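Following: one structure in structure tokens, then a few remarks.
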Amino acid sequence: MKEEKTIPAGNIVETAQERDEKESDSSDESAKDEEGKKGVLKKKKVEGLMGKLLANTSYTIAIGELVEGPVIAIDKAALYIDLPPYRTGVIYGREFINARDVIRKVHVGDMIAAKIVEEENKDGYVELSLKEARQALIWSEAETLIRDKKVIELPIKEANKGGLILEWQGIQGFLPASQLKAEHYPRVKDGDKDKILEELKKLIGEKISVSILSILPQEGKLIFSEKSGDHVEKQEIIDKYQIGDEIEGEVTGIVDFGVFVKLEEGLEGLVHISEIDWSLVEDPRKLFSVAEKIRVKIIEIKDGKISLSIKALKENPWTDASKKYKKGDRVSGVIIKYNKHGALASIEEGVAGLIHISEFASEEKLKQTLELGKSYPFIITLFDADEQRMALSYQSAQEKAPETPVRTRAK
């Protein structure tokens with residue numbers, strides 16, 4: 001940088017009193033006494049007027065205030081700023097070192113904003129900080145972005161189990177996973193935090209469009225949202241739909257716990273695995289493919305989210321089953337799944353009951369007795385078609401001789 005002509009610290013501002021004294025010193029020593037007396041009287045009058053002006057001025061400064069003025073001098077260890085009407089500010093010491101990258105680009109005459117850290121030091125200057133001023137301006141800008149609902153594009157720096165870490169203007173901010181749009185939200189079964197983290201880490205390095213949700217100046221943190229920028233627009237889209245609507249959508253994602261379906265641009269819903277079919281669905285990937293067109297029914301609209309169902313478009317098999325089965329009936333069922341409570345047996349398509357593990361000495365014994373894919377006789381011990389619940393007993397079927405023909409599973 002071109003070397004600037006500096007002004008000695010003691011001569012940054014020349015006061016009226018200093019000018020009067022210089023004029024007095026340079027006056028003709030041989031002047032008449034009468035003229036000298038007139039000069040003294042005139043000087044006192046000027047000082048009196050200046051004192052009144054200073055006393056009546058409303059100009060005040062305070063620690064923490066942001067001020068702005070032209071740079072009037074730069075030297076190797078300090079930068080001086082004119083703070084009209086009657087003060088001079090200085091950036092030096094640690095503050096000068098902290099702001100040296102900025103100061104290298106500054107020239108005499110440039111307007112510069114700074115924050116007051118001391119109203120008056122021992123040399124009579126107002127001590128200033130460029131770094132703190134920059135921080136204050138950044139927080140002010142962040143408030144403006146929030147007010148104007150501006151969207152900014154930022155790179156993803158890090159990820160943790162709760163969300164993503166972004167950086168704006170040198171300040172770290174947090175984007176909670178709950179504030180991610182559907183295309184970035186970690187679609188993980190049962191909310192497993194370790195799996196969520198794995199999915200979020202895949203986003204590191206990508207740029208994402210976000211808006212500032214809130215600021216925490218005391219902690220030096222920002223909270224971002226990918227949703228808030230289009231929240232109003234999305235709500236307007238959602239308001240067009242009602243529970244019970246049947247719509248054709250496009251499959252946009254398939255996960256262990258269900259299928260994501262785009263209803264229209266900017267709106268996506270989830271078909272949970274339990275809503276895919278009345279029969280047991282183990283892997284949605286075997287039934288659907290991305291970009292496939294499917295028909296769905298809206299079964300819930302809550303908190304800006306839409307829940308969909310495919311099985312709701314089909315006849316409920318429990319309605320027909322309620323006419324055929326009751327508690328105490330002897331039926332035949334095929335073992336279709338094990339779970340922590342026991343085994344599930346299907347007595348016909350879409351109608352299954354639980355054989356509780358308590359009927360067996362252990363889980364291993366249950367699996368040895370009731371093999372997957374095989375058919376066995378059972379007694380219905382609970383049948384509630386409205387709640388779609390049925391309990392079956394294998395032991396009871398073994399103890400009781402069949403009084404009526406066994407109802408076999410429909411093909």
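Taken together, the values in this text are just the output of simple stated rules run on the coordinates, not laboratory data. Everything numeric in this text was worked out from a predicted model, so none of it was measured. Positions of Cβ are generated from backbone atoms using ideal geometry, with glycine treated the same way; all protein chains shown enter the neighbour counts.
Using a cut-off of 20 Å between Cα atoms, the listed pairs 311/374; 293/337; 181/202; 240/305 include 311/374; 293/337 as exceeding that distance. Quick note on segment 317-399: its Rg to Rh ratio, both from C-alpha atoms and Rh being the Kirkwood radius, is 0.94. From largest to smallest, the equivalent ellipsoid semi-axes obtained for segment 149-231 from the alpha-carbon gyration tensor read 21, 14, 12 Å.
Applying a DSSP loop filter and a limit of 15 other Cβ atoms within 10 Å to the trypsin sites (Lys or Arg not before Pro) in segment 268-324 leaves 314, 323, 324. Taken about its Cα centre, segment 197-299 carries a charge dipole of about 280 debye when Lys and Arg each add +1 at the Cβ and Asp and Glu each add -1 at the Cβ.
Taking other Cβ atoms within 10 Å as a rough exposure proxy, 184, 272 sort from fewest to most as 272, 184. With neighbours defined as other Cβ atoms within 10 Å of a residue's Cβ, the residues 338, 86 order from fewest to most as 86, 338.
Legend: translational diffusion of segment 240-313 by Stokes-Einstein, Rh = Kirkwood radius over C-alpha pairs, 20 °C, 1.002 mPa s; D = 177 µm²/s.
Normalised by the number of residues in segment 149-231, the mean separation of alpha-carbon contacts (under 8 Å, six or more apart) gives a relative contact order of 38 percent.
By the count of neighbouring beta-carbon atoms within 10 Å, fewest first, 387, 300, 275 end up ordered 387, 300, 275.
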